[in-house]
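See below for the structure under consideration.
The values are calculated or read from the model by the stated rules, or taken from the named source; none is laboratory data. Note that the structure is predicted; figures quoted are calculated from it, not measured. Note: ideal-geometry Cβ built from the backbone for every residue, glycine included; neighbour counts use all protein chains shown.
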Amino acid sequence: MMPKRTVLLLVFSLFLAACAGRSGTAVDDPVFDDAVTGPGTATRGVGDRDFGRGDAFGDDVARPGPQGGVLDSRVIYFDFDRSDVRPEYTEMLQAHGRWLAANPQARLRLEGHTDERGTREYNIGLGERRAQAVRRVLLLQGVDSSQLVTVSFGEERPAVIGSDEEAYALNRRVELIYVQ
C-alpha cells in the first residue's frame, strides 16, 4: 500500500495536469488579454447568438460591439472538415465589416471551434483556418488588421455536449467576440 503522502502527491499532480490541459490556447496581444474569459459552459444555447461564457454580458446587460438586426448575429457555422465561409453568412460579415471599418477603435476576437472528431492538433489547426477565413472576409470589407485577433480552441469549448450530427454541427463554428 502507498503511503498517504505519495497518494496526495499523485492526486495533486493529476489535478495540475488537468488544469494545464484546459488552457492550451492563449492570446498574446495585450489589447486582448483581459478579454479572454475562460472556458465556456456545457449548457450554452442553440442558434446564431453570442453564447454565454460566464462573463459579465448577460441578457440584461449590453454587450460590447454593434447592436441590432444582422449585427446581433455573431456565430458562423461550418461544414464538416471545411474552413470556407458559407454564402449565407456574407450579409452578416459585410455588416460587421462595415461597422468595424466605421469604428476603428473597436476590437474583435475571432474564436475558431471544431467538433470532437479528429485529433486535438488537427482540430486546433482547423479552428485556426476557420477563424482566418472569417478574418480574410472582414479585411476585404475594409477592416484594419489591428482590429482583429484570431484564436483557435479546437474541440475544447463545445457549444453543446453530444456525439450526434446536431451537436457536431453546432460546435463547428467561429464566434465573433467584441472586446472593450
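Taking the criterion of being part of a helix (DSSP H, G or I) and touching a helix residue (DSSP H, G or I) at 6+ places or on another chain (Cβ under 9 Å), would at least one residue in region 146-157 satisfy it?
Among the residues of region 146-157, at least one is part of a helix (DSSP H, G or I) and touching a helix residue (DSSP H, G or I) at 6+ places or on another chain (Cβ under 9 Å), which makes the answer yes.
Exactly one of these conditions fails for residue 134: (1) under 21 Å from residue 87 (Cα atoms); (2) under 13 Å from the mean Cα position of the chain (by Cα); (3) surrounded by fewer than 21 Cβ atoms within 10 Å (Cβ to Cβ). Give me its number.
Status for residue 134: all satisfied but (3).
Rundown of residues vs (1) within 21 Å of residue 152 (Cα to Cα); (2) among the aliphatic types (A, V, I, L, M); (3) surrounded by fewer than 20 Cβ atoms within 10 Å (Cβ to Cβ); (4) within 17 Å of the chain's Cα centre (by Cα), yes/no style:
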residue: 100; (1), (2), (3), (4): no, yes, no, no
residue: 103; (1), (2), (3), (4): no, no, yes, no
residue: 108; (1), (2), (3), (4): yes, yes, no, yes
residue: 111; (1), (2), (3), (4): yes, no, no, yes
residue: 114; (1), (2), (3), (4): yes, no, no, yes
residue: 119; (1), (2), (3), (4): yes, no, yes, no
residue: 122; (1), (2), (3), (4): yes, no, yes, yes
residue: 127; (1), (2), (3), (4): yes, no, no, yes
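Being among the charged types (D, E, K, R), assigned to a loop (DSSP other than H, G, I, E, B), at pLDDT 95 or above and within 20 Å of residue 170 (Cβ to Cβ), is that true of even one residue in region 84-105?
Residues of region 84-105 among the charged types (D, E, K, R): 84, 86, 88, 91, 98.
Right, trim to assigned to a loop (DSSP other than H, G, I, E, B) and you get 84, 86.
So of that shortlist, the ones also at pLDDT 95 or above come out as 84, 86.
After this cut, where a residue has to be within 20 Å of residue 170 (Cβ to Cβ) as well, the list is 84, 86.
Looking through region 84-105, at least one residue is among the charged types (D, E, K, R), assigned to a loop (DSSP other than H, G, I, E, B), at pLDDT 95 or above and within 20 Å of residue 170 (Cβ to Cβ).
Among (1) part of a helix (DSSP H, G or I); (2) without any contact (Cβ under 8 Å) to a residue 24 or more places away in the chain; (3) among the polar types (S, T, N, Q), which single condition is residue 132 missing?
Status for residue 132: all satisfied but (2).
Exactly one condition in (1) free of Cβ contacts under 8 Å to residues at least 60 places away in the same chain; (2) touching a His at 6+ places or on another chain (Cβ under 6 Å) is false for residue 97; which is it?
So residue 97 meets the others, but not (2).
Which of the residues belonging to region 71-83 are modelled with pLDDT of 95 or more, among the hydrophobic types (A, V, I, L, M, F, W, C) and outside any loop (DSSP other than H, G, I, E, B)?
Across region 71-83, the qualifying residues are 75, 76.
Mind listing whichever residues of region 140-158 are touching a strand residue (DSSP E or B) at 6+ places or on another chain (Cβ under 9 Å), touching a residue at least 40 places away in the same chain (Cβ under 8 Å) and within 19 Å of residue 65 (Cβ to Cβ)?
The initial filter retains those residues of region 140-158 that are touching a strand residue (DSSP E or B) at 6+ places or on another chain (Cβ under 9 Å), namely 143, 146-158.
Those left that are additionally touching a residue at least 40 places away in the same chain (Cβ under 8 Å): 143, 147-158.
Across region 140-158, the qualifying residues are 143, 147, 148, 149, 150, 151.
What about residue 116, is it out of contact with any strand residue (DSSP E or B) (no Cβ under 6 Å at 6 or more places or on another chain), in contact (Cβ under 8 Å) with a residue 60 or more places away in the chain and in a loop (DSSP other than H, G, I, E, B)? I'd like the intermediate steps shown before the answer.
On the way: out of contact with any strand residue (DSSP E or B) (no Cβ under 6 Å at 6 or more places or on another chain): yes; in contact (Cβ under 8 Å) with a residue 60 or more places away in the chain: no; in a loop (DSSP other than H, G, I, E, B): yes.
Answer is no for this residue.
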